[in-house]
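Values in this text are rule-based calculations from the coordinates and carry no lab data. Everything quoted here is computed from the prediction, not taken from an experiment. Positions of Cβ are backbone-derived with ideal geometry, glycine not excepted, and every protein chain shown enters the neighbour counts.
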Amino acid sequence: MNETELKALIIRQIGEIAPEIEPGMVGPDEDIREACDLDSMDFLNLVIALHEATGVDIPEEDYPHLRTLNEGSAYLAKALTG
Amino acid sequence: MPSLGADMAAGQIVEWLVEPGDHVKRGDIIAVVETEKGAIEIEIFDEGKIQEVLVPVGEKAPVGMVLALLDGTADADAVSPTIPTLEESVTEEPRPLDAASPPETPFPATDTAQTTSPEPSERLRITPTARRRAAELGIDPSTLSGSGAAGAIILADIEAMLPEVATPTAPPTPEEPADRKSAIRHAIGAAMSRSNREIPHYYLGTTIDMEPTLNWIEATNKERPVTERLLSSALLLRAVGLALRQVPDLNGFWEDGAFRPGEGIHVGWSISLRGGGLIAPAIHDVDQKPIPQLMTEFRDLVKRTRQGGLRSSEMTDATITITSLGDQGVQSVFGMIYPPQVGLIGFGKIYERVWTNNGMIDAHRVIEATLSGDHRASDGHTGGQLLSLIDRLLQEPSKL
């Protein structure tokens, strides 16, 4: 998956957790948790969903890399190629 | 129709999961009911055979109305927790639902009709559903002999008149989102107005050092696959459960002018709904479950709260409630008690601040824990014990 596809994946998974969020409502450099009002349980579920979709094991100390769509997709892309 | 909270007036039957003749036991889910707080699965609290379903899918019933008849050992009992006599259930038409006037006190629970001497009556013994169905089909019920308890005409007697009955099932019309939103605001408003009117609250607060707990979680989560990682909420929950074991005066209900201790420690967790409003369903026996299990149940509970599928026991069993607003960046919360409970524990966000210990200055991550207590049931002294116990337990997370 490239970064564009990963971005779409993240948005799709956010939609599973916060159904009222539509693509385009979250800017690429916006803080996802703030913009979508995700609590720690929602965020954990997002991490689990991304792990299940990509196979990337996202350790807890890497959670800050999933702050925005741009950073998150770059992080996952790197983990997938590296 | 069971009351699924101090604020509920009525519910709409969305689905029946049993039919006449089915054998049920305590804890079985028999129906799904739509309330202002979403679709709730209704559990039964008795054992026996379903004799008749009285309220069809799509229909709204006020709290206290009999939903179905249960044929127990020898007597016919009503499924609803509030048990009317059979006499009442067969002769009374469903009361019209009037949101402005919630149903008065539930029917008194009395012995079943078999033990009361039935007075000679001209009235036809027929259940409301059977009467309605008979009217739909144009059948005169007085020409039939009933096969229900005490000779009452039940739905099966009516259906038996037709060789092939294709029962039209009208899909229930779910409420519009706008209605749902105003309904839940109304429900919360009713419960909190009652809380404010009836409960003399006292408030306590303390700052808890979270370094030990958070370090323990971070170390534990390194070993765990992402699907099994823990959140600090699970440890807070566990600490509250264990502390309540030693301070039982805050675990229970204020009812009829007296404190009734909770049977078990069932902690309600306040979960905000994405469309607005909140529900505080219970996690059962928190003091008896290890942390990983609490975490799994907590995740499942949040999911079902947001997507539907809460069970009636989860709506009614909470003996105390936790509200945690830390994710919203709030430092401390002094909440209102959800009646008839007598305590509410609040947690704010975890934040870093200067911490002194034995004359040493350090930076520690801390959390503000608060307690709202019902002064009729306990005093600040008891409440203070609870908060300091929670604090102490969180200093040794490996023992939780």
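Can you say what percent of the DSSP beta bridges in the stretch B:177-399, counting only those with both residues inside, are antiparallel? Round to 5. Of the beta bridges lying entirely in the stretch B:177-399, close to 80 percent run antiparallel. With R₀ set to 35 Å, the beta-carbon distance separating residue B:194 from residue B:284 gives a calculated FRET efficiency near 0.90. The H on the amide N of residue B:51, modeled in the peptide plane, is under 5 Å from the matching H of B:21, B:69, B:70, B:71, each at least 5 residues off or on a different chain. Distance from the Cα centroid of the stretch B:357-400 to that of the stretch A:65-82 is 39 Å (rounded to whole angstrom). For a label point 7 angstrom out from the Cα of residue B:362 toward its Cβ, which stretches of the stretch B:199-239 have the backbone nitrogen within less than 14 Å? Flagged as within label range: B:209-216. Our estimate of slack between residue B:246 and residue B:22, defined as 0.36 nm per intervening residue step minus the Cα-Cα distance, is 76.3 nm. In this model, which of B:37/B:60; A:7/A:78; B:60/B:181; B:60/B:303; B:181/B:303; B:37/B:303 are farther than 21 Å apart at the alpha-carbon? Those over the limit are B:60/B:303. Our summary of shape: the Cα atoms of the stretch B:177-399 have principal axis extents of 50, 40, 31 Å, ordered from largest down, in whole angstrom. Residues whose amide H falls under 5 Å from that of residue B:311, counting only those 5 or more places apart or on a different chain, are B:41, with hydrogens built in the peptide plane. Remark: the stretch B:387-400, residue by residue, has Karplus-estimated 3J(HN,Hα) of 5, 6, 5, 4, 4, 4, 4, 6, 7, 10, x, 5, 8, 5 Hz, where x stands for each Gly or Pro and the curve is 6.51 cos²θ - 1.76 cosθ + 1.60 at θ = phi - 60°. Note on residue B:206/residue A:61: beta-carbon distance plugged into 1/(1 + (r/R0)^6) with R0 of 35 Å gives a FRET efficiency of 0.75. Under a 5 Å amide H cut-off, with hydrogens placed 1.01 Å from N, residue B:125 pairs with B:153 among residues at least 5 apart or on other chains. The phi-based Karplus calculation (6.51 cos²θ - 1.76 cosθ + 1.60; θ = phi - 60°) puts the 3J(HN,Hα) values of the stretch A:61-78 at 5, 8, 3, x, 5, 9, 5, 10, 4, 4, 5, x, 5, 5, 4, 5, 4, 5 Hz, whole numbers, x for Gly and Pro. Here each label is just a point 7 Å from Cα along the line to Cβ, and for residue B:382 and residue B:274 those points are 4.1 nm apart. From most to least packed by mean Cβ count within 10 Å, the peptides B:151-159, B:352-360, B:196-204 give B:151-159, B:196-204, B:352-360. Across the stretch A:5-10, coupling constants 3J(HN,Hα) worked out from phi with the 6.51/-1.76/1.60 Karplus curve, θ = phi - 60°, read 5, 5, 4, 4, 4, 4 Hz, and Gly and Pro carry x.
The stretch B:1-49 and the stretch B:296-325 have their alpha-carbon centroids 17 Å apart. Annotation for residue B:135 and residue A:12: the two label points, set 7 Å from Cα along the Cα-Cβ direction, are 5.2 nm apart. Applying 0.36 nm per residue to the separation of residue B:15 and residue B:395 and subtracting their alpha-carbon distance, the gain on full extension is 132.1 nm. Across peptide A:56-66, the average count of Cβ atoms from other chains found within 10 Å of a residue's Cβ is 2.
Each of residue B:307 and residue A:3 was given a label point 7 Å from its Cα along the Cα-to-Cβ line. The distance between the two points is 3.2 nm.
With bins 5 Å wide beginning at 0, the percent of Cα pairs of chain A falling in each bin runs 3, 17, 31, 30, 16, 4, 0. Protection proxy ranking, highest mean first, for peptides A:30-43, B:133-146, B:35-48, B:267-280: B:35-48, B:267-280, A:30-43, B:133-146, where packing is the per-residue count of other beta-carbon atoms within 10 Å, averaged.
Each helix, a run of at least 4 DSSP H residues, gives -39500 (n - 2.57); summed and divided by the residues of chain A, these come to -18000 deg cm²/dmol at 222 nm.
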